[in-house]
1. Nearest 5 is fine: what % of DSSP beta bridges in the range 1-62 come out antiparallel, could you say?
2. Give the Debye-formula value of log10 I(q)/I(0) at each listed q (0.16, 0.22, 0.25 Å⁻¹), with one equal scatterer per alpha carbon of the range 302-397, two decimals each.
3. Taking H as built 1.01 Å from N, whose amide H comes closer than 5 Å to the amide H of Tyr322, not counting residues under 5 places away?
4. I'd like the Karplus ³J(HN,Hα) series for the range 130-139: coefficients 6.51, -1.76, 1.60, θ = phi - 60°, whole numbers in Hz, and an x wherever there's a Gly or Pro.
5. Suppose we keep just the DSSP beta bridges with both residues in the chain; what percent of those would be antiparallel, to 5?
6. Within the set of other residues whose C-beta is less than 11 Å from the C-beta of Gln364, count the net charge using Lys and Arg as +1 and Asp and Glu as -1.
7. Once you have the Cα-Cα distance between Val50 and Gln184, take 0.36 nm times their residue separation minus that, and quote the gain in nm to one decimal.
8. Note the full-extension length gain between Arg166 and Asn363 as 0.36 nm times their separation in residues minus their Cα-Cα distance, in nm to one decimal.
Amino acid sequence: MKTNKLPAVSFFKVLKNAKQILKNPLPFHEGNFKRFGDTFRIQLGFGKEVLITRDAEFAKHVLQKQHKKYFKSELQTKDLGKYLGKGLLTINGNSWLKQRRLIQPAFHKKKLEILTDTIKGTVLEQLERIQPNKEQDLYEIMNDLAFQVVAKALFSTTDLQNEMRRLQEITAVVQKMLIKEIRQPYKKWLFSIRGDVKKHLDLMIDAKKIIQDVIDRRISEAEEKHDLLDMLLNARYEDGSKMSQEQLIDEILVFFIAGHETTSNALSFMLMLLGLHPEVQQKCYEEALAVKDTSSAFEQLKGYNYIKKSIEETLRLYPPAYFTDRLCIEDDEYKGIQVPKGTNLLISFYEIHRHEEYWEQANQFDPERFNVSDKKQNSEYYFPFGAGPRMCIGNNFAMYEMMITIAELVKQYEIVSLPSQIEVEPLITLGPKSVRLLCKVRK
Ligand code: HEM
């Protein structure tokens, strides 16, 4: 069957629902999946369309089995790359493979072991900002925490606070601009003539300068720090050469962008879920308390089994990377559907994670689904970090960071407020709308 025989949402319908789609496309997608099944087309006008799927096998086919036939879309390469440059997240083909091979060892579990004490120290510092017995926006704290953790893992030094604050400000402002450009493509000309794009590109030049200065300082110090920057400076391509400074800066920017908002969103969702499920919170607390504080942060992680399952379940219900997209670069076929070169594909991880055929009582929060015995089966339908060779390079880093944060937070505080419901805000990543929670100090 040709893809043009698949059911389609007309451009007229897209226009009619434009306001809702701009605000939150998830209900629009859900309604159409119910109506048309697991894969359908969305017409975008001027002959353009996108194939959207919540078929887990199709997702594996595209991301893993036939990944060579699919590249990252313009959105991830051109639009994001305009600001970020040419780092792992925004490049394709051989240049991506070369970078991935070079950088992967820095994220190996053995290397991360060295970083976990730094991660824990930063987490504890940030948690001190929680004000007990007062309703407070915990998102802000989680956001700063996740940014600082990436900053410390990369640069280890403590004397970069002003620089890192400025870097955080810039990345936040530029991300806002990017969302405008993606959601309102018809206003691109306006953003351009008004100078908005130039202004934000200039900000990114400032951001790159900050990173450049940190690297220059490190090189002149000639002292080993055992952090990510050291690992990247010491990494060598197969021919023995090292990364250019320009490439290194782009990669560092990618770690900040890919690694900070995703993690802070996941942590924020988890805190809300703990507020809504005191029995889960209690179990996390008991587990965290049972782990002795005397061993290294890495050793302690081994005791956090239930906390890990709770995070995994949070990422199922609220995957911060709630979709990904690809462009087909070579004719392909999946279960009788012919996918011609040039097809744009949108894979909804959010919908796969809540698919009733894959998950029992899919909308319920139940960490027990992630018991070791069910894990293999679940992994067929579970994509919080993507799949295949372009799977998240920071997945272990993020899991360690989140396990440490949740363990340390529930040891000190009890989240006592019951949020009435969790409202999502789907931007570039999926985040919660508001995370106002009240924490009580544990006696
Ligand atoms: C909860 C936290 C995180 C989530 C949910 C997440 C999710 C993802 C997903 C789904 C992808 C694949 C996207 C695709 O296939 O199109 C990805 C890629 C990536 N992530 Fe993460 N991520 C997280 C944390 C991190 C952290 C902490 C880092 C680094 C410090 C990081 C760095 C990257 C990079 C560099 C890529 C691109 C990999 C490549 O294309 O080779 N992520 N992430």
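Laboratory data are not the source of any read-out in this text; all were calculated from the coordinates shown. Since the model is a prediction, treat every value here as computed from it, not as a measurement. When we count neighbours, we look across all protein chains shown, and the Cβ atoms used for this are built from the backbone with ideal geometry, even at glycine.
1. 75 percent
2. Treating every Cα as an identical point scatterer, log10 I(q)/I(0) equals -0.77, -1.20, -1.39.
3. Leu430
4. Going residue by residue, I get 5, 9, x, 6, 9, 5, 9, 7, 7, 4 Hz, with x marking Gly and Pro.
5. On the way: 26 of 33 bridges.
About 80 percent, rounded to the nearest 5.
6. On the way: positive: Arg316, Arg354, Arg369; negative: Glu313, Glu360, Asp366, Glu368.
Net charge in that neighbourhood comes out at -1.
7. Numbers: separation 134, 0.36 × 134 = 48.24 nm, distance 1.69 nm.
Extra length from Val50 to Gln184 when fully extended: 46.6 nm.
8. Numbers: separation 197, 0.36 × 197 = 70.92 nm, distance 3.93 nm.
Here the segment from Arg166 to Asn363 would lengthen by 67.0 nm.
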